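As structure tokens, the structure follows; a few thoughts come after it.
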Amino acid sequence: MSNKKEEKSAAAQLKEKLFLNRKNGCLKVSEEDIRKSDEFCEEYKNFLNNGKIEREAVEYAVATAEKAGFTEYDRTKTYQPGDRVYVNNRGKAVMLAVIGKNGTHNGVRLGIAHIDSPRLDLKPNPVYEKNNLAFFKTHYYGGIKKYQWPTVPLALHGVVILKDGSSITVNIGDNDDEPCFCVTDLLPHLAVEQMSSVMKKAFNGEHLNVLIGSRPFSKDEESEIVKLNILNILFEKYGIVEEDFLSADLTLVPAFKARDLGFDRSMIGAYGHDDKVCAYPALMAAIDTKLPESTVITVLTDREEIGSDGNTGMKSTYMVDFVEDLAKADGEEVRHVMAKSTCLSADVNAAYDPTYASAFEANNSSYINNGAVITKYTGSGGKYSTSDASAEYMAKIRKILDDANVLWQTGELGKVDGGGGGTIAKFVANLNADVVDLGVPVLSMHAPMEVVSKLDVYMTYRALYEFYINEE
Ligand code: MN
Ligand code: MN
């Protein structure tokens, strides 16, 4: 054993100075950071298990915010710096604001994540019987690879609204003592034709029929008595009849719970990381923000997975209307406020997967455990359908994160012309604010079980918090 310290060569020293440091993020952070990541993710798993659909995520967010002193926003009231308010948009999206010392005069700081995830929605007339089996017809929501959904245990979540306006909450299939449901698949023995057809055709949208029962109502010689039995069970349990499905938001989601993944428990496997894995850090950052310089607004939005259309999605005016109310109270015009506003669009990116290396460009991919990923632009082709964050804004964000020792990386979504995708960033940019995507790298994005690293989840929380409290 020698105690002579190795001198770094001139080349090694120069590399350290000039090259981007791309070593494994776990080697750059402290033991304390790893411990805090594990701790932070315990409640995150609870959020995932209790917020599989946007309505449940809003309920969780509102309850957590109220405990932390947020009250429902009232535009006739006057608010002081440090006041905490929330706006619940139809139970499917929520905004939390912490009023800053400067209010809206220097713009607002926005953190926006989405709480909807790909899934199977029930069609308006879903129940049918065929060959003595009862099924739900579904219409998939968001970008899914359809073959991934058969034989996965599913739970039914959502609401049925009766004609008198009363609401029935449905949440069945997640607990061990409840029944679950599933889409069936063809046995390999008889799948010669299926296996030789292209993936898109082998399993299409009308194959996504969910098995919900098999026993007839009675020994009567009536038709559709399996369906009758199911409707009778639903009537006894929920008081609903077939027509009530017409005024329902019911959806099938994977029935399993969020789990630690890997022998080292460094990752989490769960349904719906995209984008609860940014929504939860954003919610926690909002709650931990006490008296910011500028007003901080955290938006947990809906409809992102289908392009943000609809009154609870980011193409709706609901966020800018809220900013306008806050601006008016400060004697400001909303357009002047938006022009000075900055935003982190908190959404996931694809983590480099060595098994599918050809889909990625290694120098510009995000990696598990390298921290929060900043995505300068998303979109597809020649940078279509995206906002491209300016060099000036990128520099601001770099400084905030580096000054606070936040572990972060950059990433593009896959290789050029390999496909593509978008986030809500462009809708915010179109409101004349500065915005860039920042979030968590995900393996198996949009699959029934997605994978993230605990360190990256925690660093995304830290990035959002530092962005909220650091005025540039
Ligand atoms: Mn997303
Ligand atoms: Mn997505």
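Numbers below:
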{"read-out": "Relative contact order of the stretch 1-103, defined on C-alpha pairs under 8 angstrom at six or more residues apart (%)", "value": "17 percent"}
{"read-out": "Solvent-accessible heavy-atom area per residue, rounded to whole Å², over the stretch 256-322 at 1.4 Å", "value": "33 Å²"}
{"read-out": "LYS257 versus ASN364: modelled label distance in nm, points set 7 Å from Cα along the beta carbon direction", "value": "4.2 nm"}
{"read-out": "GLU59-THR355 pseudo-label distance in nm [points 7 Å out on the Cα-to-Cβ vector]", "value": "3.4 nm"}
{"read-out": "Point-charge dipole on Cβ atoms (K/R +1, D/E -1) for the chain, about Cα centre, debye to 20", "value": "1220 debye"}
{"read-out": "Helix axis angle, 391-403 relative to the chain longest principal axis, alpha carbon, degrees", "value": "80 degrees"}
{"read-out": "Simple spin-label estimate for LYS8 and ILE34 in nanometres, 7 Å along Cα-Cβ", "value": "2.2 nm"}
{"read-out": "Accessible-area composition of the stretch 49-186, carbon plus sulfur, in percent [1.4 Å probe]", "value": "47 percent"}
{"read-out": "Which of ASN89, ALA191, SER9, positive extreme of dipole for the chain (C-beta unit charges)", "value": "SER9"}
{"read-out": "Count, lysine Cα pairs under 20 Å in the stretch 67-161, 8 or more residues apart or across chains", "value": "8"}
{"read-out": "Surface per residue (accessible, 1.4 Å probe) for the stretch 119-254, Å²", "value": "59 Å²"}
{"read-out": "Counted charge near LEU401, where neighbours are those whose Cβ lies closer than 11 Å (Asp, Glu -1; Lys, Arg +1)", "value": "+1"}
{"read-out": "Cα-based shape type of the stretch 215-371, given that a ≥ b ≥ c are square roots of the gyration tensor eigenvalues and the cut on a/c is 1.5", "value": "oblate"}
{"read-out": "Area accessible to solvent at GLU333, 1.4 Å probe radius, in Å²", "value": "90 Å²"}
{"read-out": "Dipole-positive endmost among MET445, PHE19, ILE397 within the chain (Cβ charges, Cα centre)", "value": "PHE19"}
{"read-out": "Segments 352-359, 34-41 sorted - mean Cβ within 10 Å per residue, highest first", "value": "34-41, 352-359"}
{"read-out": "Ordering of 304-317, 274-287 by burial proxy (mean other Cβ atoms within 10 Å per residue, highest first)", "value": "274-287, 304-317"}
{"read-out": "Chain lengthening between GLU206 and ASP164 when straightened (0.36 nm per residue, less Cα-Cα)", "value": "11.8 nm"}
{"read-out": "Rounded to 5, the percent of DSSP beta bridges in the chain classed as antiparallel", "value": "70 percent"}
{"read-out": "Antiparallel %, DSSP beta bridges [both residues in the stretch 119-254], to 5", "value": "95 percent"}
{"read-out": "The chain: relative contact order as a whole-number percent, Cα under 8 Å and 6+ apart", "value": "22 percent"}
{"read-out": "Karplus 3J(HN,Hα) series, Hz, for the stretch 108-120 with 6.51 cos²θ - 1.76 cosθ + 1.60 (x for Gly, Pro)", "value": "10, 9, 10, x, 10, 10, 10, 10, 8, 9, x, 5, 10"}
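The values are calculated or read from the model by the stated rules, or taken from the named source; none is laboratory data. Everything numeric here is computed off the predicted structure, so don't read it as measured data. Note that each Cβ is placed from the backbone with ideal geometry, even for glycine, and that neighbours are counted across all protein chains shown. All accessible areas refer to the heavy atoms of the entire protein, side chains included, with ligands and DNA or RNA removed. Shrake-Rupley method; radii C 1.70, N 1.55, O 1.52, S 1.80 Å.
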